[in-house]
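*Asks:* Here's a structure for you.
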């Protein structure tokens, strides 16, 4: 457990020293939100109709953009090799890395999402659904994204490949996430949607760390 | 300590070594020599379990490596040619993390280790503003901290000045006197005081 917190602290410290890593996904998220109404229509009725889908797609792409770098730095400077020859559990380490990625991507997106929701005239009763769906859905995005990141970390240009690998896995989260916000903004019950998002999260939390650890081993050992 | 039997390794359709056997005993220094591209780094990575591109058997203390991997990693220190030093962390933060990762780095305090590698007063400087040699020294500070019996060092002297190399040689001598073993690759003319070095020439091991 102390190793988990040590690893988390290190990763957060690294992010804090490279503040771009926090700002990039958030800036992307906000830019999509600002440009979308300019490009399509500023009509409040239309915007509130498309808000759940657009906000969720923007959040998903912001996560996807940042997930590529989750292991890259450690791979390139040899830290990842040291992690693999450590007697400490790679699973714990992987979980700490994914958690730190989520804290600077998904969690921050959930925090600023009400601002974007306001720009999209989302009905106020939809705000809790939006925040909760992002809090429950984006950790899954980080976990599944890390599988793709682990597989492509050894490639010079993994950017496109990671999208191809990971996007299909993101689709259920997108459908239920946007569905939650839709239902919430119309005043319908959202417990069912949240339960599904939670189930997907628990499922990926159980299996993804094994997959991520395996992909990292493959990437390093075939170097 | 570590034994390798019938190792076969092929890379890019070129056989690096075939039927290669090696036994590393306590208090011994083994220097892997060979031309660039002869497979020195590959061999060391195989010994660390960082490469799958081989067939053959590796034994740690007489047991198959796959069965005792965790013990092996506790007893082994690997310094690769990538130092594993984060540029945005300070020397002290880097070493603290390495100590979290590997509990056998407990021989002395971080401050002591940094003093030994000549980085006293640089503890709080982010490593990216240190010189290449100084960054190398941060990675090598692990040698002072380590109480692991087996050291696997890939080109440890790159970017080090003459005095630094001398100090590391003395450190390796101390390590072997305490019963430790060292496998390393280097293009330096290695002289370890009071210790004979067993060379393994990969150019002669390879079959054309």
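*Asks:* How far is it, in nm, from the label point at residue A:48 to the one at residue A:12 when both lie 7 Å from their Cα along the line to the Cβ?
*Replies:* Inter-label distance under the simple model: 3.8 nm.
*Asks:* Based solely on C-alpha atoms, express the radius of gyration and the Dmax of segment A:2-141 in angstrom.
*Replies:* 17.4, 58
*Asks:* Could you tell me how far the Cα centroid of segment B:42-60 sits from the Cα centroid of segment A:158-223, in Å?
*Replies:* So the two Cα centres are separated by 35 Å.
*Asks:* OK, next. Within 10 Å of each Cβ in peptide B:71-83, how many partner chain Cβ atoms are there on average? Round it to a whole number, please.
*Replies:* Average per residue, whole number: 3.
*Asks:* Two decimals is fine: what is log10 I(q)/I(0) at q = 0.07, 0.09 Å⁻¹ for the protein assembly as shown, from a Debye sum with one equal scatterer on every Cα and no solvent?
*Replies:* The computed values of log10 I(q)/I(0) come out as -0.42, -0.65.
*Asks:* Normalise the Debye intensity by I(0) for segment B:1-44, one equal point scatterer per Cα, no solvent, then take log10 at q = 0.25, 0.31, 0.32 Å⁻¹ and round to two decimals.
*Replies:* Calculated log10 I(q)/I(0) at the listed q: -1.00, -1.24, -1.26.
*Asks:* Here's a follow-up. Can you put B:154, B:201, B:189 in order, fewest other beta carbons within 10 Å first?
*Replies:* Sorted ascending by nearby Cβ count, the order is B:189, B:201, B:154.
*Asks:* Using a Gaussian network model of chain B whose springs link C-alpha atoms within less than 10 Å, name the residue from B:175, B:81, B:188 with the highest mean-square fluctuation.
*Replies:* Highest fluctuation of the listed residues: B:188.
*Asks:* Starting with the fewest neighbours, write out A:157, A:97 ranked by other beta-carbon atoms found within 10 Å of each beta-carbon.
*Replies:* Least to most surrounded, the residues fall as A:157, A:97.
*Asks:* If you don't mind, there's one more thing I want to ask. Return the single residue from B:106, B:25, B:36 with maximal mean-square fluctuation; model: Gaussian network over chain B, springs between Cα atoms under 10 Å.
*Replies:* In this elastic network of chain B, the residue with the biggest mean-square fluctuation among B:106, B:25, B:36 is B:36.
*Asks:* Further, regarding this structure: Within 10 Å of each residue's Cβ, count the other Cβ atoms and sort B:76, A:83, B:99 from fewest upward.
*Replies:* Neighbour counts put them in this order, fewest first: B:99, A:83, B:76.
*Asks:* Can you compute log10 of I(q)/I(0) for segment B:2-205 with the Debye formula, treating each Cα as one identical point scatterer, at q = 0.08, 0.10, 0.13 Å⁻¹?
*Replies:* For segment B:2-205 at q = 0.08, 0.10, 0.13 Å⁻¹, log10 I(q)/I(0) is -0.27, -0.42, -0.72.
*Asks:* I'd like the distance between the alpha-carbon centres of segment A:80-150 and segment B:137-204, rounded to an integer number of Å.
*Replies:* Cα centres, segment A:80-150 to segment B:137-204: 43 Å.
*Asks:* Using alpha carbon centroids, what distance separates segment B:61-86 and segment A:55-69, in Å?
*Replies:* 36 Å
*Asks:* What is the Cα radius of gyration of segment B:106-193 over 2.2 N^0.38 Å, N being its residue count?
*Replies:* Ratio of Rg to 2.2 N^0.38 Å for segment B:106-193: 1.06.
Read-outs throughout are calculated quantities, based only on the coordinates presented, and are distinct from any laboratory measurement. All of these numbers come straight from a predicted model, not from anything done at the bench. Cβ sites come from the backbone with ideal geometry, for glycine too, and all protein chains shown count toward neighbours.
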